[in-house]
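The values are calculated or read from the model by the stated rules, or taken from the named source; none is laboratory data. All of these numbers come straight from a predicted model, not from anything done at the bench. Virtual Cβ from ideal backbone geometry, glycine too; neighbours counted across all protein chains shown. Calculation scope for accessible area: heavy atoms of the full protein, side chains included, ligands and nucleic acids excluded. Shrake-Rupley method; radii C 1.70, N 1.55, O 1.52, S 1.80 Å.
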Amino acid sequence: MAAPVSLPEDDLMQMKIDRLEDSGRRDALPFEAVDGLNLVICPRAVAPTPALLAAARNFGSRQVFHAAGLGADCRDPEVFLWRLMADLRRQLEFSDPIPAEPAAMRETLPNWLARAAAAGGLAIIVQDAHELSLDGLTADLDWLPGWLPRGVAVLISAPPGPAAEQFRERSAAVFTLQDDDSPAGSEPALSDDLLESDAAGPWLELLWTARAGLELEVLDALTQSQLPALDPPPPGLLFDGRRITLASGQARDAVARRRLGDHGRRQALHIRLAEYFGNQPGIAALERACWHWAAAGRLDRLEEILVDTVLLEAMRQPSRCFEALRHWRALGGSDRMHQTLELACLFPDQSSDAILGAAHVFAVGTGSDAPLKWLQRAAERAESEGNSPALVQALQLLAAHGDTAAADAAEMLRRALARVAEEPESDEAVRASLHHRLACLLETEGRETEARHEYELAVACTETVAGADSPRLIPWLINLAAAHKAAGDLGAADQVLRRALRLSREGLGSRHPTTAVCCDQLAGIAYMNGQYDVAEPLYRETLEITEASFGPDHPATAACLGNLGSVLDARQKFGEAEQSHRRSLGLLMAIHGENHEDTAGCMHNLAVALESMSKADEAEQLYRRALETWSQVTGEESPAFATTLLNLAGVLRERGAWGEAEALYRSDIELWRKLLGTDHPHTLGALTELARLYVDGGKPEMAEPLLLHLKDKTMQRSGKSASAYLEVVALLARVYLHFDQRSEARTMIEDALAASEGTLNMLSAPIQRLRKLLAGIQQYPTDTVN
């Protein structure tokens, strides 16, 4: 297991593992781990580490180890979760940042575990899991996702008791270790002689107080006590040749109980260590000082160090930002952080790197942009310092700021690109990011051609860094495809997404969540192109991967079921479509309840499938329920409400409720006019449906002027081969036939069919209707054809 570099707790875990490696007894396998949660129940005196590690290594090639009792912060679920995600990120080479907030980490973890499973499996080991606790009393298992994909095993140990029974309820397998089951026997304990020794007392107390042990030179500087021989270290201690620490939770408890019952003594020791590390050089010493001032309750001294220039300059390093945010929360959160960091940023001659560090920790901690004046000052200082990397970053942040005008943002990004190009060795990763930001900006301004060019440049830069076949290209390719899609170039989007899917399957595997994303995106393009036979297997593959990765009850699974249901409906597989939408709706009702936009959308889609199966009563009820939900979550003046309203009118029309249907159509037309304008396709579509009502209801005289208007408008907007135009022509032909204007109907139909010759629409439903009408005219030249 490669040693991670992240938090001080990582050093503790590596020392624990190294001690086991040195024992030479790592091959014993008292049980075999299975997919899911594995609970190992063992007496407190038994050392479970060898058994846990042996089972984890037997399960898969990647492991993450955490002993919850090994240090003061090892018991903190937030620290454990961050360690877990940092180790996954390192071992699997993820580029994603680790979220700062515990809730966001828990939300992200299932995706990372699914990716780890697809990459060959993972075993997570938590020794003394009962020690993980937010309040110090109740064991915390909230970090564990409700679903673990195949290929992920979580091994936790706990002594018999309430926590073990709590864990048992969620476990896929339960094992019990006895004294003779553990290769290393009992957990090493400090001897009574050592605990009672006046000579050993001072350094034992300091080891308990320290976050992750202490170096020998620190102990020498702080005590006059003689240390015992450390080769090998005595029971209850770990030593790596440089640092010494207490070896277990039992050892820590023994020191606390026998020597540190006085909490005033504990505070004094924290202050002593804080003062010592505060006088040492380097960022690591400053962080240790911060931790001890916080543990001592001296928040005034903690705040002083948090705005030290050296510490601020290091804030863009993920682990250091994480540590600082924990301290800022203790100090009072966002308001206090804002006030204190602003003073630091405005300090005369403050470095640009320190200001950017302050801006970074503020943005990560609050989820909002850093104040504009901080970033402007960072850019000014970077310019005067000749610090090109800092200037480029400041310009990026300024361009992305919500208060920066679009034109100014584009100019800043181009200035940053020019600055990068001036450097002797251009940073292609930075260039890719700048091109991507500029593309996003241009896209929001409707400058689609320029945006696509910038996206292509971002892809090219990433290819230079990672290679043309690297999975790292996939997010960039998906963004480029989205730009093609927005510009209406579905062919280009299809081509780019096929490349992304190939890279994902070849580089990440067929079970990887990113493969599901690529399948879903490509299926969406196929669906828009009317290639439903292509879209269906892709949506099925998306569902299969997603359900295996996140479980049958996850919101992503519900979304996949909805997409599959829609394409099945389009392929007229109405029974399967109904089943898919019903399952999706059941999940969404359980996850969100009825008053959620996803639930409303699913009710609408299920109603569409039911309507196709002539189940008009249930379809009508679902449309009405969906309208009630849209009214609450989006308001009645929304595209979603208008879409469902149009469909409800269609059901009523089919049932012969002409009066209510006409009223709804008119309301819907006015709503689309207000939302999108008189000539928008959605407005014209609603007008077409009102005309259909008049045609079907025997009022051709009311339909004709509408359809003549629509014929001109749809031809102007989308051409004679478009489905919207063809639908209008089919309805108008029926009106002409009603009035026995057979020549006009025939000429108009033949013209529309000629315009559509050789297009994808030749197999569409409107074309089939036109052919049927034409055949009727030709067969019955004098009778009315409907």
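Suppose every Lys and Arg Cβ carries +1 and every Asp and Glu Cβ carries -1, with no other charges. What dipole size does the chain come out with about its Cα centre, to the nearest 20 debye? Don't skip to the end; give the middle numbers.
Working: 76 positive and 113 negative charges, 255 e Å.
That gives a dipole near 1220 debye.
In terms of its alpha-carbon gyration tensor, the range 693-751 comes out oblate; a/c meets the 1.5 threshold, while b/c is at least as large as a/b.
Would you kindly calculate the translational diffusion coefficient of the range 343-394, applying Stokes-Einstein with the Kirkwood radius from alpha carbon pairs, for 37 °C and a viscosity of 0.692 mPa s, and quote it in µm² s⁻¹ without decimals?
307
Kindly identify the range 228-353 as rounded, prolate or oblate by the Cα gyration tensor criterion: order the square roots of the eigenvalues as a ≥ b ≥ c, call it rounded if a/c is under 1.5, otherwise compare a/b with b/c, prolate if a/b is larger, else oblate.
prolate
What the phi angles of the range 708-714 give under the Karplus curve with 6.51, -1.76 and 1.60, with θ = phi - 60°, is a coupling list of 5, 4, 5, 4, 5, 5, 5 Hz, glycine and proline written as x. Restriction of the GluC sites (Glu not before Pro) in the range 24-132 to DSSP coil positions whose beta-carbon has at most 14 other beta-carbons within 10 angstrom yields Glu32, Glu93. Computed about its Cα centre, the charge dipole of the range 402-528 is approximately 520 debye, with only Lys, Arg, Asp and Glu carrying charge at their Cβ. Sequence-distant contacts, meaning Cα pairs under 8 Å at least 6 residues apart, place the relative contact order of the chain at 7 percent.
Each residue of the range 506-512 was assigned a 3J(HN,Hα) from its phi angle through the Karplus curve 6.51 cos²θ - 1.76 cosθ + 1.60 (θ = phi - 60°); the sequence is 7, x, 10, x, 6, 9, 6 Hz, with glycine and proline shown as x. Helix 283-295 and the longest principal axis of the Cα set of the chain meet at an angle near 90°. Residues whose amide H comes within less than 5 Å of that of Val46, counting only those at least five positions distant or on another chain, are Glu187 (H built at 1.01 Å from N in the peptide plane). When all protein chains stay in place and ligands, DNA and RNA are ignored, the 1.4 Å accessible-area order of Met715, Met748, largest first, is Met715, Met748.
Counting only DSSP beta bridges with both residues in the chain, tell me the antiparallel percent, nearest 5.
Close to 25 percent.
For the residue pairs Lys674/Lys711; Lys373/Lys674; Lys373/Lys485, alpha carbon separations beyond 30 Å are given by Lys373/Lys674; Lys373/Lys485. The overall shape of the chain, judged from the alpha-carbon gyration tensor, is prolate: a/c is not under 1.5, and a/b is greater than b/c. The relative contact order of the range 38-109, computed from alpha carbon pairs under 8 Å that lie at least 6 residues apart in sequence, is 19 percent. In sequence order, the range 670-686 has phi-based couplings of 5, 5, 5, 4, 5, 7, 10, x, 5, 9, 5, x, 5, 5, 5, x, 5 Hz under the Karplus curve 6.51 cos²θ - 1.76 cosθ + 1.60, θ = phi - 60°, and Gly or Pro positions carry x. For the range 411-487, taking the reciprocal of the average inverse distance between every pair of different Cα atoms yields a Kirkwood hydrodynamic radius of 12.5 Å.
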